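**Q** Take this structure first; my questions come after.
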Amino acid sequence: LAPAGVLTLSADFIIRDPGQIDEYAPDARQIAVQDLPDEVVIYLLGSRYCETDRLSEIAWSLFGHHAPGWSLVQAICDYVHNHIVFNYADARPTKSAWDAWHEGKGVCRDYAHLAVAFCRCMNIPARYCTGYLGDIGVPVVGVMDFSAWFEVYLGGRWYTFDARNNVPRMARVLIARGRDATD
């Protein structure tokens, strides 16, 4: 609760990053739904921006022939990366994975939501991540900014994927995780 008038907010912090690139684990296996830890199961369910009920048939038609595990997640990333055209002008707070799939355009949040939804449809727990993704180790293309990516649960742990950039990156500064951008 702030009083009427000018309000100034500021923060001061130091971020320590080990400089590691997103881990690559092509042998990471998909865990059967019945063997997942209870706390992971929520990341199989549909959510506000990740409508698994609307995208399930599409996901299975696109990815049902892929072997489960890391290669399936990478196939989903490849598809989403090539399906959506990035443009800040195409962002809107109500856009869901279903909308992003139909429109084929959006921002990093839309890439993440669509990839998360497809992973969940394929029985891979996936959670939305948001934070800052700098330009360390990559050619600078415009101003770096806040970003969205996602994590999947394979082989008993979480791995980072990024359908927008679709390459391992370094120096991600995680701010929050959840079922989707609502969290």
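The values are calculated or read from the model by the stated rules, or taken from the named source; none is laboratory data. Since the model is a prediction, treat every value here as computed from it, not as a measurement. Neighbour counts run over all protein chains shown; Cβ positions are idealised from the backbone, glycine included. Heads up: the accessible areas ignore ligands, DNA and RNA and are worked out on the full protein's heavy atoms, side chains in. Shrake-Rupley method; radii C 1.70, N 1.55, O 1.52, S 1.80 Å.
**Q** In the neighborhood of D183, defined by Cβ-to-Cβ distances under 14 Å, what is the net charge if each Lys or Arg adds +1 and each Asp or Glu adds -1?
**A** +3
**Q** What is the local net charge at V167, summed over the other residues whose Cβ is closer than 12 Å to its Cβ (Lys, Arg +1; Asp, Glu -1)? Before the final figure, lay out the partial values.
**A** Details: positive: R164, R169; negative: D22, D78, D162.
So the environment of V167 carries a net charge of -1.
**Q** Can you tell me the accessible area per residue over the chain, all protein chains present, probe 1.4 angstrom, in square angstrom?
**A** Values: 10190 Å² over 183 residues.
Normalised by residue count, the accessible surface of the chain is 56 Å².
**Q** Still on this structure, please answer the following. Per-residue ellipticity at 222 nm for the chain, helices alone: DSSP H runs ≥ 4 residues times -39500 (n - 2.57), over residue total, nearest 500 deg cm²/dmol?
**A** Details: 5 runs with 51 residues, N = 183.
Helix contribution divided over all residues of the chain: -8000 deg cm²/dmol.
**Q** Ranked highest first by the average count of other Cβ atoms within 10 Å around their residues, in what order do 66-74, 103-111, 12-20 fall?
**A** On the way: 66-74: 17.6, 103-111: 21.1, 12-20: 6.8.
Result, highest mean first: 103-111, 66-74, 12-20.
**Q** For the stretch 52-97, what is one quarter of the convex hull surface built on the Cα atoms, given in nm²? Working shown, then result.
**A** On the way: hull surface 16.1 nm².
So the Cα hull casts an average projection of 4.0 nm².
**Q** Among L36, A89, S47, which residue has its Cα positioned farthest towards the positive end of the charge dipole of the stretch 29-89, with +1 placed on the Cβ of Lys and Arg, -1 on the Cβ of Asp and Glu, and the dipole taken about the Cα centre?
**A** Of the candidates, A89 comes out farthest on the positive side.
**Q** Here's something else I'd like to know. Please report, to two decimal places, log10 I(q)/I(0) for the stretch 97-183 at q = 0.12, 0.17 Å⁻¹ as given by the Debye formula with identical point scatterers on the Cα atoms and no solvent.
**A** After summing over all Cα pairs, the log10 values are -0.34, -0.69.
**Q** What distance in nm separates the two pseudo spin-label positions at F13 and S71, each 7 Å out from Cα along the beta-carbon direction?
**A** 4.0
**Q** Net charge around G106, counting only other residues with Cβ within less than 10 Å of its Cβ (Lys, Arg = +1; Asp, Glu = -1)? Working shown, then result.
**A** Numbers: positive: R92, K95, K105, R109, R164; negative: D90, D99, E103, D110.
Around G106, the surrounding residues sum to +1.
**Q** Highest mean first, what order results for 25-36, 157-168, 54-65 on Cβ atoms within 10 Å? Display every interim value, and only then the final one.
**A** Details: 25-36: 12.8, 157-168: 18.1, 54-65: 14.7.
Highest mean packing first, the order is 157-168, 54-65, 25-36.
**Q** Of all the accessible heavy-atom surface of the chain, with the other protein chains kept in place and a 1.4 Å probe, what percent is carbon and sulfur?
**A** Details: 5550 of 10190 Å².
So the carbon and sulfur contribution to the accessible surface is 54 percent.
**Q** Just to be sure I understand the curve: with the Debye formula and one point per C-alpha of the chain, what is log10 I(q)/I(0) at q = 0.15, 0.17 Å⁻¹?
**A** Each listed q maps to, in turn, -0.86, -1.08.
**Q** Using the alpha-carbon centroid of each, what span in Å lies between the stretch 1-33 and the stretch 143-170?
**A** After rounding, the separation between the Cα centres reads 11 Å.
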